[in-house]
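Chemist: Before I ask anything, here is the structure I am working with.
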Amino acid sequence: MYGVVLILVLVITGGAIAFIGDRLGTKIGKKKLSIFGLRPRHTSIVITIITGILITTLTFIVLAAASENVRLALFGMEKLNNEMHQAQTNLAQASSDLVTANAAKDKAKADLLVTKENLEELQTKQTELLQRNDQLEAGNKALEVNNEQLLASNRDLETAKGALQAQNAGLEQSNTELNENNGKLNAANTTLEERNKTLGEGLQMIREGDIVYQAGEIISSGVIAKGKDKQSVAAEMASLVYLANRNVTEKTGIHKEDGGIWIYQKEYEQAIETLEKANMDMIVRIVAAGNLVRGEPVRTHVELYPNRTIYHKDEFVFSQKFTLLGKADNEGERTVIAFLKNVNATAVQKGILADPIKGSVGVIGGTQFYDVVNSLVSVHGDILLSAYAAQPTDAEGPLRLRLKVEQFK
């Protein structure tokens, strides 16, 4: 409200001065008065300028008298700017101090937290030490009791020692008699060792003379698919055992009512458990555990291998370059045999299981073999032999091959 009144006062005062100046200029103009020797027209202009100066001056005077802020703006602006700049500087310093103080406060809180944790840990350790001290005191009391018991036992042992010394004399006499008997037993043992050696040599001769299965030889094999329950796996394992027994009977010509093979029961049950938990198809092989002579129990063990497709039909297996000189009749045959050995090694590295006895995995028909050999009879120079899978083949094999001969000109 105060500002509105001030504005009204300034408006009225300015208007009054302007009116007075106008009237005064008009009268001077009509009477053609002159001041300072000026013309009336120029005198009127001077009066108008003086009137404007008076309005402005009076406005500043009234504002300065009425408002301290106006006086400060007119006469103390530079000081105010300096004070504002100083205040901003102080504010920035205060903000920096506040940040520092907050950081110190946070660090103090963190240190206090660590101190509390350390204090709790020390209290826990103190409790544990007190408990251990109680345990040690109880153990010390128990040791004192045991010490008294040991002293009593020591006295008893001293008494028993005298009795043992008396017994020792009797034992020395018995020891002499035992030494004499030991000499007789050593002589008998020597005789038994000679007889055992003779029997061993005879058994070795028997084994070398009519071995039915060699160690590691496959008696039966098959693939058991993943995801079957224990009962189904056990049924398929029983089928493989039945097949193994039939193969043994066919090979030896000896039929046994209780079966021709023997598998360690724990190993057999472990194999069933592994097959039940398998997440992929598994190859099962029942193989001879050692060289087996006709008429003996066929001791075997079970081998398990993961099964997967190794080669698809017409998939490339291996290729090799040869140089034929045409000087020997069997050069082509030797070349094909050497190539097939390398094919065999490549297929084994790829994952096909080799025959434990022969070490082979690949199969090639006799007709195809001799066709390839005959095609090399009249060749003189470089050739490229390539092998391809004749049909899809998994890890169990065998890998049936299709051979291709290319001649370089």
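The values are calculated or read from the model by the stated rules, or taken from the named source; none is laboratory data. Not measured: the values here are computed from a predicted model. Glycine gets a Cβ as well: all are built from the backbone with ideal geometry, and neighbour counts include every protein chain shown.
Chemist: Which residue, of Arg334, Arg294, Arg308, is over 30 Å from Gln270 (Cα atoms) and charged (D, E, K, R)?
Modeler: After ruling out the rest, the residue left standing is Arg334.
Chemist: Is there a residue in the stretch 252-265 that is out of contact with any helix residue (DSSP H, G or I) (no Cβ under 6 Å at 6 or more places or on another chain), surrounded by 15 or more Cβ atoms within 10 Å (Cβ to Cβ) and either at pLDDT below 85 or within 24 Å of Ile352 (Cα to Cα) (or both)?
Modeler: Looking through the stretch 252-265, at least one residue is out of contact with any helix residue (DSSP H, G or I) (no Cβ under 6 Å at 6 or more places or on another chain), surrounded by 15 or more Cβ atoms within 10 Å (Cβ to Cβ) and either at pLDDT below 85 or within 24 Å of Ile352 (Cα to Cα) (or both).
Chemist: Is there a residue being more than 27 Å from Gly222 (Cβ to Cβ) and charged (D, E, K, R) anywhere in the stretch 396-408?
Modeler: yes
Chemist: In addition: Could you tell me whether any residue of the stretch 72-90 is within 30 Å of Phe60 (Cα to Cα) and in contact (Cβ under 8 Å) with a residue 12 or more places away in the chain?
Modeler: yes
Chemist: Identify all residues within the stretch 371-393 that are surrounded by fewer than 17 Cβ atoms within 10 Å (Cβ to Cβ) and touching a helix residue (DSSP H, G or I) at 6+ places or on another chain (Cβ under 9 Å); write none if there are none.
Modeler: The answer is Asn374, Ser375, Val377.
Chemist: Can you tell me which residue is farthest from Leu240 (Cα to Cα) among those in the stretch 274-289 that are in contact with a Lys or Arg (Cβ under 8 Å, 6 or more places away or on another chain) and surrounded by fewer than 16 Cβ atoms within 10 Å (Cβ to Cβ)?
Modeler: Only one residue tops the list, namely Asn279.
Chemist: Looking at the stretch 378-401, is at least one residue on the phi < 0 side of the Ramachandran plot and part of a helix (DSSP H, G or I)?
Modeler: No, that holds for no residue.
Chemist: In the list Arg308, Arg334, Arg294, which residue meets the criterion of being of a type in the set (D, E, K, R), farther than 27 Å from Val223 by Cβ and touching a residue at least 40 places away in the same chain (Cβ under 8 Å)?
Modeler: Criteria check complete, one pass: Arg294.
Chemist: Same structure again: If you go through the stretch 359-372 one residue at a time, do you hit one that is over 52 Å from the mean Cα position of the chain (by Cα), more than 24 Å from Ala395 (Cα to Cα) and not hydroxyl-bearing (Ser, Thr, Tyr)?
Modeler: yes
Chemist: With respect to Ala238, is the statement that it is surrounded by 13 or more Cβ atoms within 10 Å (Cβ to Cβ) and at pLDDT 85 or above true?
Modeler: Against the criterion (surrounded by 13 or more Cβ atoms within 10 Å (Cβ to Cβ) and at pLDDT 85 or above), Ala238 does not qualify.
Chemist: Answer with yes or no whether Leu376 is farther than 27 Å from Gly222 by Cβ, free of Cβ contacts under 8 Å to residues at least 60 places away in the same chain and not β-branched (Val, Ile, Thr).
Modeler: yes
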